[in-house]
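The values are calculated or read from the model by the stated rules, or taken from the named source; none is laboratory data. Since this is a predicted model, take the numbers as computed values, not measurements. Methodologically, a virtual Cβ is constructed for each residue, glycine included, from the backbone with ideal geometry; neighbour enumeration extends over all protein chains shown. Surface areas here come from the heavy atoms of the whole protein model, side chains and all, with no ligands, DNA or RNA. Shrake-Rupley method; radii C 1.70, N 1.55, O 1.52, S 1.80 Å.
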Amino acid sequence: LLCSFSHQPKETPCSFDGDTKMQADTNRSAPNEPNLELWDIHTLTHLEANIDDATPELLAHAIDLLLKNGAIDAWVYPIVMKKGRPAHSLNCICRADASMDRGCSPATSDREQSAEISAESKLLGVLFRHTTTLGMRIHRNILRAALKRRFMEVQLPFRDDIREGKVDVKISSFKNGEVVSVKAEFDQCKIISEECGIPLKKVSSLAERLAWDEIDYMY
């Protein structure tokens, strides 16, 4: 079966000025061009190491240290290395332009300036000191699309001695204000759940529902 197709090129919307000069409509984006106006683009650095001689407790401790020393996120997953050895891949990411202070005030002299180190260098120091790795892979200029984030405090009808029923809810939204998701802070919900004897899922669900109600009222 032979078929033939005729394709007519689409006309580009144009406008004409007083000199009858044709100008292409620049307000339209290319079909595969992402809409960068709805979210932020961050440049990150990704650190990665394969470790085959560390205990799970050591890896968990390393993740805690990475998060406390400037990592945006840290994670580990199982892998299989050469000769069938079971191992783990330890990873973390940080902002490419971030700097960490060793304890000094903002730099006003050469000595104080030397007290500031990059987040990458600080995290590398943590990994070499607190894990058994002998080398790290460094992936720079990793792009991440990120939503706007803010916190909203909601009041639950439960009364505990620590939180007094108050929970922070993370609100994620586009830059135009459209809310995409809400997430109650787990640790705070856990405290209320344990003190009041209420299931954790009920506490977090109610906190998120109250946040949605507040958002719908505002918009």
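Among residues of segment 199-218 that are among the aromatic types (Phe, Trp, Tyr), those with a beta-carbon under 7 Å from a residue that is outside any helix (DSSP H, G or I) and open to solvent by less than 100 Å² (accessible area, probe 1.4 Å) at least six positions away or on a different chain give the pairs TRP212/VAL182.
Note on segment 192-219: residues that are of a type in the set (A, V, I, L, M, F, W, C) and open to solvent by less than 50 Å² (accessible area, probe 1.4 Å) amount to 8. Note on segment 37-96: enclosed strands (runs of 3 or more DSSP E) holding 2 or more residues that are of a type in the set (S, T, N, Q) are 40-51, 86-95. Is there a residue being farther than 19 Å from ILE138 by Cβ, at pLDDT below 95, open to solvent by 70 Å² or more (accessible area, probe 1.4 Å) and polar (S, T, N, Q) anywhere in segment 104-111? Yes, some residue in segment 104-111 is farther than 19 Å from ILE138 by Cβ, at pLDDT below 95, open to solvent by 70 Å² or more (accessible area, probe 1.4 Å) and polar (S, T, N, Q). Checking PHE151, PHE128, PHE186 one by one, the residue that is aromatic (Phe, Trp, Tyr), at pLDDT 95 or above and surrounded by 14 or more Cβ atoms within 10 Å (Cβ to Cβ) is PHE128 and no other.
Out of everything in segment 40-49 that is out of contact with any helix residue (DSSP H, G or I) (no Cβ under 9 Å at 6 or more places or on another chain) and under 12 Å from TRP75 (Cα atoms), what residue ends up being surrounded by the fewest Cβ atoms within 10 Å (Cβ to Cβ)? Selected residue: GLU48. In the set GLU195, GLU153, only one residue is in contact with a Phe, Trp or Tyr (Cβ under 9 Å, 6 or more places away or on another chain) and not hydrophobic (A, V, I, L, M, F, W, C); that residue is GLU195. Only one entry of GLN8, GLN23 meets the criterion of being farther than 22 Å from ARG140 by Cβ, in contact with a strand residue (DSSP E or B) (Cβ under 6 Å, 6 or more places away or on another chain) and either exposed (fewer than 11 other Cβ atoms within 10 Å of the Cβ) or at pLDDT below 55 (or both), and that entry is GLN23. Among the residues of segment 167-219, those identified as closer than 24 Å to ASP40 by Cα and touching a Ser or Thr at 6+ places or on another chain (Cβ under 6 Å) are SER172, VAL179, VAL180, SER181, ALA184.
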